[in-house]
Amino acid sequence: MIRLFHKKLVIVSGKGGVGKSTLCAALAILARRKDRRPLILELTEFESIPTVFGSDLEQAKGEFVADGIRSTGFDFEEAVTEYLTLHLKVRAVSQILHKNPVVKYFTRTAPGFKELVYTGKIWYMAQDMARRGDRHPFDFMILDAPSTGQCLEMLRVPGVVSDMVRVGPIMRETRAMEAFYKNPDESGILLITLLQEMPVNEVLQMSSDLTEKQGLPVDAVVINQIVPVDEDILDEKARATCPEGASEEAWAALQQAVTDLKILHDAQETFRKRLAKEIKAPQVELPLILKSPLSLKDLDRLATTLEENFE
Amino acid sequence: MSPPPENSHKTANNSRSAGAALYGGSSFLRDLIREREILIFGGAGGVGKTTLAACVALQAAIEGKKTLVMTIDPARRLADSLGVRELGNEEHEVDLTPLARNGEAPKGKLFALMLDPKKTFDDMVRSFSPSAEVTDRVFNNRLYQQITSSLAGMYEYSAIEKVYEIHQSRVYDLIVVDTPPTKHALEFLDAPNKLVEFFRSGVVRWFLKPYLSVGKIGLRVMQAGSDVLFKIFEAITGFSIVRDVSDFFIALQDLWDGLVFRAEKASEVLLAKETSFVLVTSPHQQNIREIAFYHAKLVERKIPFGGIIVNRFHFPYLPKSKRKALLDQTEAAIRGEMNRGTQAKHLRLLDNLRAIEDISDFDRLGVELLGRKIPRAPVALVPALPTDVYSLTGLQSVNQHLFAE
């Protein structure tokens, strides 16, 4: 079993379009079953989590999207004001400061600043959650993180800053942040991929950067949309003879389908093995579900599959 | 909501709707490569844009066009096939001899280029700079690299700028462009405007004058807060931020008007009558909804739209209309088999065929949704292939579907 639900934060990342939001939703459902109070966090104003749970409506930040599950987007400007307030102590000053077009320009474009605000805010939420204990509306955070490259860049920033600033409150803060993200008892990372070339390459690259260069814990690689192939049917003999009275057209289709399945099976196996060889973290597989959007029942099903692997 | 009338005279027959085009060919791409000079491939990341752009470019070359395919981030093996392993904005001729061996002697030539956004911007600065001295001052500014890589839309803008530059040179008959993967279509379409806006914004002007001009309150607040804020910036970037940025903008000042003019010109590429957008999507309904949004934005901006490629489409093994009857008949036959072992195996085979047909049904729903979302759009379907396509002959086999009559 992979230990996950004792943590404060789980970060989910992978190439765009592989199912990050779906995995976050299924994890949240599972967290509920484990009696945690999950919050799914997206680092964008355009939230997609409410849609995953079937709500098309504009939904207020931090509200329930499903039974006991909260989700929230991220208002960058608001977070910057908060960040400045934290350091300047007076909110009014930070608001004025932040309205200054020059400062605003910097906060948007200065390399690393956005990432620092993101990682800082998430860290702060996790600390706050621990401090406030039972009175807090959530006690388990799931981060629907940006895709691989951006996510790496983001997680790199606290370390870079703490190396550069040698003294003072910012140094102390970024050190604490760095320690938090590196501590497997507090924070974890799930990488998600499909068994296709580009998503697999990105996940391999990300995993080696995270673990080797940054010392961050990868808890598992989730392989999404597996097409189940019944290996027993792939042998040549079984399909050679068409039963008497069967439709020849159907039998030809069946033979073609098996040929295709065999190729698909081999491709899936190759990628699976590559992932296993190059990433130490365990693999967890989720089946392909042919529905769009997924229903709550489908998400429940995925949560049940996850339950066999995570505790 | 209807797309611009381009090509409608030729494609009306086989593209009345996505539903009608289902399983039939659609030759809209053939028309596009014959009639247009710039084809821009848009769509979400991971749907196969890069590969399909290469496919279409290859077909144009085979038919006699001198063609350039501009890629952004190809999978390594595809980059190998195209002979572009490295960034660098350099155009390489693609070796098409592997095709000649198959008896398909190409009538034209294919070139490939892998876009380097940074270098594109450098070249632009250089071309608008009044003197080598100014160029040096810009390039030597410590912040230049940071600014050019972190400016919103820089990457997207570079692609448009490069297309404009190459198109102006008139070297190629056709340029096929793969766009950077963006979450929102707008990021690509708005990139030139964003840049122009930025150049004209108060921020830039502020830096061009000494920073006293922010006003008294602003300045006092700046002083109060700047310590912390700029300390953070400096910690991250390693630069004494205000001075460096000021220097940067002052250095850039001399080529300002040129850059703005250029950005405006370049954005016209998107609207030109020689241009057409080809949208790429998977059959998944989520992607279809996104591509419908993209299409709506194109129409809104009067950007020429060519058609849609639905990639990785699972064609049915048996037509839906008679599938049940055929499978039921086959099941009955299997149940009549004497050998229990064979029978069990055959039943499992049948189950697998049924399961795999569910996928084709699912994909058909996606294309039907596309037909409702964008009626009358020309659509080409490319089958789901079990492995990635990267060789020239692989690309060519995809073209059998893209250019099916």
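Below is a table of values for the structure above.
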quantity: Residues (part of a loop (DSSP other than H, G, I, E, B) and farther than 21 Å from A:CYS24 by Cβ) located in the stretch A:119-166; calculated: A:VAL165, A:ARG166
quantity: Matching entry among B:LEU402, B:LEU318 (being buried (at least 16 other Cβ atoms within 10 Å of the Cβ) and within 9 Å of chain A (Cβ to nearest Cβ)); calculated: B:LEU318
quantity: Residue in the stretch A:44-72 that is modelled with the highest pLDDT, counting only those that are touching a Ser or Thr at 6+ places or on another chain (Cβ under 6 Å) and part of a loop (DSSP other than H, G, I, E, B); calculated: A:SER48
quantity: Helices (runs of 4 or more DSSP H) contained entirely in the stretch A:232-311, each with at least 3 residues that are away from chain B (no Cβ under 14 Å); calculated: A:248-278, A:296-307
quantity: Residue match in the stretch B:374-392 (condition: open to solvent by 60 Å² or more (accessible area, probe 1.4 Å), among the polar types (S, T, N, Q) and within 26 Å of the chain's Cα centre (by Cα)); calculated: yes
quantity: Condition check for A:GLU202: out of contact with any Leu (no Cβ under 8 Å at 6 or more places or on another chain), within 13 Å of chain B (Cβ to nearest Cβ) and not β-branched (Val, Ile, Thr); calculated: yes
quantity: Of the criteria (1) touching a Ser or Thr at 6+ places or on another chain (Cβ under 7 Å); (2) within 29 Å of A:GLU197 (Cβ to Cβ); (3) without any contact (Cβ under 8 Å) to a residue 12 or more places away in the chain; (4) not small (Gly, Ala, Ser), which one B:ASN89 fails; calculated: (3)
quantity: Among (1) within 13 Å of another protein chain (Cβ to nearest Cβ); (2) out of contact with any Leu (no Cβ under 8 Å at 6 or more places or on another chain); (3) touching a residue at least 60 places away in the same chain (Cβ under 8 Å), the one test that B:LYS324 misses; calculated: (3)
quantity: Residue satisfying condition, being modelled with pLDDT of 70 or more, surrounded by 23 or more Cβ atoms within 10 Å (Cβ to Cβ) and of a type outside the set (S, T, N, Q), within set A:LEU143, A:LEU152; calculated: A:LEU143
quantity: The stretch B:271-302, residues that are part of a helix (DSSP H, G or I), open to solvent by less than 20 Å² (accessible area, probe 1.4 Å) and touching a Leu at 6+ places or on another chain (Cβ under 7 Å); calculated: B:ILE288, B:ILE291, B:TYR294, B:HIS295
quantity: Breaking point among (1) without any contact (Cβ under 8 Å) to a residue 60 or more places away in the chain; (2) facing chain A (nearest Cβ under 7 Å), for B:ARG354; calculated: (2)
quantity: Where B:GLY371 falls short, out of the listed (1) away from chain A (no Cβ under 13 Å); (2) under 15 Å from B:VAL280 (Cβ atoms); calculated: (2)
quantity: Residue pairs meeting the criteria (Cβ under 8 Å; at least 6 apart or on separate chains; first under 12 Å from A:PHE180 (Cα atoms), in the stretch A:117-131; second of a type in the set (Gly, Ala, Ser) and modelled with pLDDT of 90 or more); calculated: A:TRP123/A:ALA176; A:ALA126/A:SER187
quantity: Residue that is modelled with the lowest pLDDT [pool: residues in the stretch A:166-198 that are open to solvent by 20 Å² or more (accessible area, probe 1.4 Å) and in contact with a Ser or Thr (Cβ under 7 Å, 6 or more places away or on another chain)]; calculated: A:MET171
quantity: Residues of the stretch A:285-311 satisfying the condition of being among the small types (Gly, Ala, Ser) and either modelled with pLDDT of 95 or more or open to solvent by 70 Å² or more (accessible area, probe 1.4 Å) (or both); calculated: A:ALA303
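Table: residues versus (1) at positive phi; (2) in contact (Cβ under 8 Å) with a residue 24 or more places away in the chain; (3) in contact with a Gly (Cβ under 8 Å, 6 or more places away or on another chain); (4) surrounded by 19 or more Cβ atoms within 10 Å (Cβ to Cβ).
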| position | (1), (2), (3), (4) |
| --- | --- |
| A:ILE223 | no, yes, no, yes |
| A:ILE233 | no, yes, no, yes |
| A:LYS237 | no, no, no, no |
| A:THR241 | no, no, no, no |
| A:GLN255 | no, no, no, no |
| A:THR270 | no, no, no, no |
| A:ILE279 | no, yes, no, yes |
| A:GLN283 | no, yes, no, no |
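For every residue, the table says whether it meets (1) touching an Asp or Glu at 6+ places or on another chain (Cβ under 6 Å); (2) closer than 28 Å to B:TYR157 by Cα; (3) open to solvent by 10 Å² or more (accessible area, probe 1.4 Å).
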{"site": "B:GLU35", "(1), (2), (3)": "no, yes, yes"}
{"site": "B:GLY42", "(1), (2), (3)": "no, yes, no"}
{"site": "B:THR50", "(1), (2), (3)": "yes, yes, yes"}
{"site": "B:ALA61", "(1), (2), (3)": "no, yes, no"}
{"site": "B:ASP73", "(1), (2), (3)": "no, yes, yes"}
{"site": "B:VAL84", "(1), (2), (3)": "no, yes, no"}
{"site": "B:GLY88", "(1), (2), (3)": "yes, yes, yes"}
{"site": "B:GLU93", "(1), (2), (3)": "no, yes, yes"}
{"site": "B:ARG101", "(1), (2), (3)": "no, no, yes"}
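The values are calculated or read from the model by the stated rules, or taken from the named source; none is laboratory data. Remember, predicted model here, so these are calculated numbers, not experimental data. Cβ sites come from the backbone with ideal geometry, for glycine too, and all protein chains shown count toward neighbours. The area values use the complete protein model at the heavy-atom level, side chains included, leaving out ligands, DNA and RNA. Shrake-Rupley method; radii C 1.70, N 1.55, O 1.52, S 1.80 Å.
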